[in-house]
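Just below is one structure, and these are the notes that go with it.
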Amino acid sequence: MSGQGTSAAYEGKVRIEYAERYTFSSALGSGSCVSRPLERVGRSIMRLAPLVVWGALLLAPIRLEAQTLTTQTLQAVISPLGGLFSFPNSVTLSKTGTTFNNFTGSLAIQYRARTTQSTGGGTITVQATSDFNPANGPSIASPPSAGDALRYTCSGATLGTNCSGTQTVRTFASTNVVTLSASECTGGGGSCSSTDPNTVTVNFTLTNDPKYKTGSYSATLTFTISAS
Amino acid sequence: MKKIVALVGVALLFTAPLAHAQLGSATGTTTVSVTVGAEAALNITNSSTPLTATGTNFSNYTGSTGLTYFVRTTQSGGSGSVTLKVTTDFSPANGPSVGTPPSAGDKLAYTCSLSGVGTACSGSQTSSTTASTSVATFGADAHTVTFPGGDTATTAWTLTNDPKYKTGSYSATVTFTISAS
């Protein structure tokens, strides 16, 4: 081993180190010479093992994706809903014809709704959330004469049923505009309405009481839609 | 597959608000406004008013016409009135006449009374075919008291019983006018 070149000496040194190590474990030098390359391979494998494991972990999802069939159940919960939109911000009541004819005006409401099958229903209602002001003019809550009122009829509901006859707007309670039955829905035809959105017209009539002082008056009406 | 599901999920997140917007809201408010102006109206209670003479000979013919009226005048600076005018004189001829009476002093006169807002005409008024005469006047911010029935007014007529009138039946047309500002 001493006659080996520099490079060989280098290699021999390595071997010596191995030999020294294996001297303790084995008295047979030849046996040591056979076992050292295998050990190197084993150590190399041990060194590469983490890389292999990491590589496997990284590649595993990709391989799983490519090979595994997955199924997902898409579940849609169709709930009853109702909505008002394109809602006019104001309606002006005016008088036509002879003196002291009542003030009249119309309001078109657009809505969409869907009610539960068999047991569902819904309504559109209206309530005066702010009475006419200023004072000394028309009033919903405390009119100057018995019989004064803001009344309305409903017409042309394309989904549901128009309110019945003439209704009177209240400040303390909601009154009916449209009644929705079970299994009603907006648009699409078939069991649903053919129109989308749905519309209903509310025709207002305000008593023209001579006791009203001259001037301009306004009130706020709130419409509410509900569906179940 | 997961990437597609993720994309679909993201898309749904963006479309959900859109679906809500299309549905609208559960409530909506609107302002109802009205402009109340000055107005006035009346109705004649009796479409015809017979004038009759009672009591002693040549006592005047009398009768009355009732009317209901509705009035609303402007709060500041407003006013109103009820007037009448003989728009068609008595006919046929040779009887009583408002425009050309057979005797000076012959006239169709009236007095007024009100039950409601306004001021009745003062004293006895002489009707005319050429001018309107007062029945009632209203000031600013005047409003009919009785609604929906209306306030009431009465004109009590007196027609001279002139011996020169030929016998017969005669009639004239009186037009009442109410106004408010």
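Being in contact with a Lys or Arg (Cβ under 8 Å, 6 or more places away or on another chain) and within 14 Å of another protein chain (Cβ to nearest Cβ) is the requirement here; does residue B:131 meet it?
Working: in contact with a Lys or Arg (Cβ under 8 Å, 6 or more places away or on another chain): yes; within 14 Å of another protein chain (Cβ to nearest Cβ): no.
No.
Using the structure shown, decide if residue B:119 is surrounded by fewer than 19 Cβ atoms within 10 Å (Cβ to Cβ), more than 14 Å from chain A (Cβ to nearest Cβ) and closer than 23 Å to residue A:144 by Cβ.
On the way: surrounded by fewer than 19 Cβ atoms within 10 Å (Cβ to Cβ): yes; more than 14 Å from chain A (Cβ to nearest Cβ): yes; closer than 23 Å to residue A:144 by Cβ: yes.
The answer is yes for residue B:119.
For residue A:179, indicate whether it is more than 30 Å from residue A:77 (Cβ to Cβ) and modelled with pLDDT of 95 or more.
no
Restricting to segment B:134-150, name every residue that is surrounded by 16 or more Cβ atoms within 10 Å (Cβ to Cβ), outside any loop (DSSP other than H, G, I, E, B) and either more than 9 Å from every other protein chain (Cβ to nearest Cβ) or hydrophobic (A, V, I, L, M, F, W, C) (or both).
Residues satisfying the conditions are B:135, B:136, B:137, B:138.
Quick check on segment A:125-146: of everything there that is among the polar types (S, T, N, Q) and touching a Lys or Arg at 6+ places or on another chain (Cβ under 7 Å), which residue is nearest to the other protein chains (Cβ to nearest Cβ)? Even if it seems obvious, please write down each step before you answer.
First, the residues of segment A:125-146 that are among the polar types (S, T, N, Q): A:125, A:127, A:129-130, A:133, A:136, A:139, A:142, A:145.
This time we only want the ones that are touching a Lys or Arg at 6+ places or on another chain (Cβ under 7 Å), so: A:127, A:136, A:145.
Details: A:127: 10, A:136: 9, A:145: 4 Å.
By that ranking, first place goes to A:145.
Name the single residue that is surrounded by the most Cβ atoms within 10 Å (Cβ to Cβ) among those in segment A:174-228 being within 10 Å of chain B (Cβ to nearest Cβ) and among the acidic types (Asp, Glu).
Taking segment A:174-228 and keeping what is within 10 Å of chain B (Cβ to nearest Cβ), we get A:186, A:196-197, A:202, A:204, A:206-227.
Within this subset, residues satisfying the condition of being among the acidic types (Asp, Glu) are A:196, A:209.
Numbers: A:196: 16, A:209: 24.
It comes out as A:209.
Those residues that are under 17 Å from residue A:142 (Cα atoms) and outside any loop (DSSP other than H, G, I, E, B), I need them from segment A:206-223; list them, please. Outline the logic, then answer.
Taking segment A:206-223 first, the residues under 17 Å from residue A:142 (Cα atoms) are A:206-213, A:217-221.
The answer is A:206, A:217, A:218, A:219, A:220, A:221.
Return the residues of segment A:73-96 that are more than 7 Å from every other protein chain (Cβ to nearest Cβ) and not hydroxyl-bearing (Ser, Thr, Tyr); say none if nothing qualifies. Steps first, please.
Of all residues in segment A:73-96, those more than 7 Å from every other protein chain (Cβ to nearest Cβ) come to A:73-80, A:86, A:94-96.
A:74, A:75, A:76, A:77, A:78, A:80, A:95, listed by residue number.
Just one of A:137, A:160, A:165 is more than 30 Å from the chain's Cα centre (by Cα) and on the phi > 0 side of the Ramachandran plot; which is it?
A:165
Are there any pairs with C-beta distances below 9 angstrom linking a residue in segment B:158-181 that is free of Cβ contacts under 8 Å to residues at least 40 places away in the same chain to a residue that is loosely packed, with under 15 Cβ neighbours inside 10 Å, with the two at least 6 apart or on different chains, and if so which?
If the second residue must be loosely packed, with under 15 Cβ neighbours inside 10 Å, the pairs left are B:169/B:92.
Can you confirm whether residue B:165 is surrounded by 18 or more Cβ atoms within 10 Å (Cβ to Cβ) and assigned to a loop (DSSP other than H, G, I, E, B)?
yes
Residue B:169 versus (1) closer than 15 Å to residue B:49 by Cβ; (2) touching a strand residue (DSSP E or B) at 6+ places or on another chain (Cβ under 8 Å); (3) among the small types (Gly, Ala, Ser): which is the lone unmet condition?
Residue B:169 satisfies every listed condition except (2).
Which count do you get for residues in segment A:97-124 that are within 29 Å of the chain's Cα centre (by Cα) and within 10 Å of chain B (Cβ to nearest Cβ)?
7
Taking the criterion of being within 14 Å of chain A (Cβ to nearest Cβ) and of a type outside the set (Phe, Trp, Tyr), would at least one residue in segment B:92-101 satisfy it?
Within segment B:92-101 (the criterion being within 14 Å of chain A (Cβ to nearest Cβ) and of a type outside the set (Phe, Trp, Tyr)), the answer is no, since none of the residues qualifies.
How many residues are in a loop (DSSP other than H, G, I, E, B) and either farther than 18 Å from residue A:105 by Cβ or not polar (S, T, N, Q) (or both) if we restrict to segment A:116-169? If you could, list the steps in order and put the result at the bottom.
Initially, segment A:116-169 is screened for residues in a loop (DSSP other than H, G, I, E, B), giving A:116-121, A:134-149, A:156-160, A:163-166, A:169.
With either farther than 18 Å from residue A:105 by Cβ or not polar (S, T, N, Q) (or both) added as a condition, the list becomes A:116-121, A:134-138, A:140-149, A:156-160, A:163-165, A:169.
Qualifying residue count, segment A:116-169: 30.
What's the number of the only condition in (1) within 14 Å of chain A (Cβ to nearest Cβ); (2) modelled with pLDDT of 95 or more; (3) on the phi > 0 side of the Ramachandran plot that residue B:39 fails to meet?
Of the numbered conditions (1) within 14 Å of chain A (Cβ to nearest Cβ); (2) modelled with pLDDT of 95 or more; (3) on the phi > 0 side of the Ramachandran plot, the odd one out for residue B:39 is (3).
Among the numbered conditions (1) assigned to a loop (DSSP other than H, G, I, E, B); (2) modelled with pLDDT under 90, tell me where residue B:15 comes up short.
(1) is the only condition that residue B:15 fails.
The values are calculated or read from the model by the stated rules, or taken from the named source; none is laboratory data. Just so it is clear, the structure is predicted and the values come from calculations on it, not from any experiment. Neighbour counts are summed over all protein chains in view; Cβ atoms, including those assigned to glycine, are modelled from backbone coordinates with ideal geometry.
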